[in-house]
1. Out of all the residues in the range 218-234, is one or more closer than 23 Å to LYS158 by Cα, assigned to a helix (DSSP H, G or I) and of a type in the set (A, V, I, L, M, F, W, C)?
2. Restricting the range 1-17 to residues that are buried (at least 19 other Cβ atoms within 10 Å of the Cβ) and part of a helix (DSSP H, G or I), which is modelled with the lowest pLDDT?
3. Please specify each residue of the range 57-95 satisfying the condition of being over 32 Å from the mean Cα position of the chain (by Cα), open to solvent by less than 50 Å² (accessible area, probe 1.4 Å) and touching a residue at least 24 places away in the same chain (Cβ under 8 Å).
4. Mind checking which pairs have a first residue in the range 1-17 that is basic (Lys, Arg) and a second that is open to solvent by less than 50 Å² (accessible area, probe 1.4 Å), Cβ under 7 Å, 6 or more apart or different chains?
5. Which ranges mark the helices (runs of 4 or more DSSP H) fully within the range 108-200 that have 1 or more residues being within 21 Å of ILE288 (Cα to Cα)?
6. Output the residues belonging to the range 176-192 that are in contact (Cβ under 8 Å) with a residue 40 or more places away in the chain and either touching a helix residue (DSSP H, G or I) at 6+ places or on another chain (Cβ under 8 Å) or of a type in the set (D, E, K, R) (or both).
7. State which residue is surrounded by the most Cβ atoms within 10 Å (Cβ to Cβ) when the search covers only the range 206-216 and only residues that are closer than 15 Å to ILE175 by Cα and in contact with a helix residue (DSSP H, G or I) (Cβ under 7 Å, 6 or more places away or on another chain).
Amino acid sequence: MKYDMRDLMLLNTAGVGFLRFEKLRECYPSLKSAIRAGKEKIQMIEGIGPNIAEKISCIDERVLIKEEELMKKHNARAISFFDEGYPENLKNIYDPPLILYIKGSLLPQDKLSIALVGSRKASIYGMDICARLSSSLTSMGFTIISGLARGIDSAAHKGALLEHGRTIAVLGSGIGMVYPMENRKLAGEITESGALVSEFPMGMSPLRHHFPMRNRIISGLSLGTVIVEAARKSGALITASYALEQGREVFAVPGKALSSTSSGTHQLIKDGAKLVDNVGDIIDELNIDIKPKPEKVTRERAAVLREGLDDLEKSLYDMVSDEPVHIDDIVKMSSLPASEVFKNLLRLEIKRLVKELPGKNYVCVAK
């Protein structure tokens with residue numbers, strides 16, 4: 001291949017993705033020969049057309065200089081489809097990104113990844129269940145993939161970070177233009193425990209048509225995609241469609257019957273998506289034999305956290321031990337409605353005092 005990394009980055013800034021690059025490479029062995037050919041000949045290549053041809057024929061290396069300066073400023077790097085560190089899961093999709101900009105680290109262990117996505121206007125229930133699923137998956141060694149958006153995406157990243165696990169945020173903008181602005185602190189935390197990833201040039205704004213493109217990367221990096229809350233017309237459902245096209249698993253979390261933010265997930269379930277109400281449903285469907293990582297919460301820390309609980313939370317916490325206890329047994333011991341028990345166990349799990357295991361069993365983190 002006579003196209004080097006700088007050539008690939010220049011083609012990327014011109015809007016040339018992997019499929020267009022393959023067509024271009026069949027006709028022109030180097031970037032210089034393509035530029036010399038001129039717009040009229042380039043636009044005759046299948047899938048390129050006059051607009052992209054114009055951009056290729058007018059490629060200016062000063063754009064690359066600016067790009068490299070931005071990468072240095074933001075401590076980012078770029079890898080191409082042809083590099084060894086390119087994610088294996090993503091390499092196997094249709095039309096993978098030609099270039100990935102990365103801030104943070106991508107590791108081989110990230111192959112064991114699950115995407116958690118959903119509504120920006122998420123309910124408290126949706127945020128809680130997403131954080132719980134994210135934390136549980138992280139404790140089992142999964143990397144959490146999401147899109148850094150408000151609502152469910154943010155909860156997914158935060159749930160992973162609570163477990164000191166790995167999480168990757170795929171952006172619909174350049175890494176130098178993190179969006180939304182209120183998630184810039186979260187983005188910084190993610191780079192310490194995973195990565196920000198984008199196929200867009202460093203300074204690219206978050207344009208509307210970027211987000212469907214971003215969604216194919218979210219699903220492409222993952223073994224499966226969990227839709228937590230989504231309306232009937234939402235970006236999360238686009239991600240689910242990409243996952244199906246890519247041959248990946250699709251999961252959906254049920255919500256309230258009349259909730260608009262659950263209408264999309266309910267339709268997915270009707271269409272055959274795997275219903276998820278605990279992490280065991282995901283593990284069973286993927287047929288992966290994995291166990292939770294050892295907990296990092298000390299007994300001393302657990303004692304301090306227990307003092308901050310209300311009476312009901314303390315009562316439920318004391319019913320759980322280091323041996324698995326089924327939720328039905330906890331309901332019987334507490335004499336409370338199952339919904340009330342579940343809600344408070346969820347709070348205890350978010351506070352990292354108890355953990356849900358497959359089969360709706362609960363164990364105490366430390367006592």
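The values are calculated or read from the model by the stated rules, or taken from the named source; none is laboratory data. None of these values were measured; they are calculated from a predicted model. Virtual Cβ from ideal backbone geometry, glycine too; neighbours counted across all protein chains shown. Remember, those area values only see protein heavy atoms, side chains included, never the ligands or the DNA or RNA. Shrake-Rupley method; radii C 1.70, N 1.55, O 1.52, S 1.80 Å.
1. Yes, the range 218-234 contains a residue that is closer than 23 Å to LYS158 by Cα, assigned to a helix (DSSP H, G or I) and of a type in the set (A, V, I, L, M, F, W, C).
2. Step by step, filter the range 1-17, then rank; the result is THR13.
3. Residue satisfying the conditions is ILE59 alone.
4. LYS2/SER30; ARG6/LEU64
5. Where helices (runs of 4 or more DSSP H) fall fully within the range 108-200 and carry at least 1 residues being within 21 Å of ILE288 (Cα to Cα), they are 124-139, 152-162.
6. GLY176, ILE190, GLU192
7. Residue satisfying both the conditions and the ranking: PHE211.
Residue-by-condition table, conditions (1) hydroxyl-bearing (Ser, Thr, Tyr); (2) closer than 19 Å to ALA243 by Cα; (3) open to solvent by 10 Å² or more (accessible area, probe 1.4 Å):
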position: TYR101; (1), (2), (3): yes, no, no
position: LEU106; (1), (2), (3): no, no, yes
position: GLN109; (1), (2), (3): no, no, yes
position: GLY118; (1), (2), (3): no, yes, yes
position: ILE124; (1), (2), (3): no, no, yes
position: GLY141; (1), (2), (3): no, no, yes
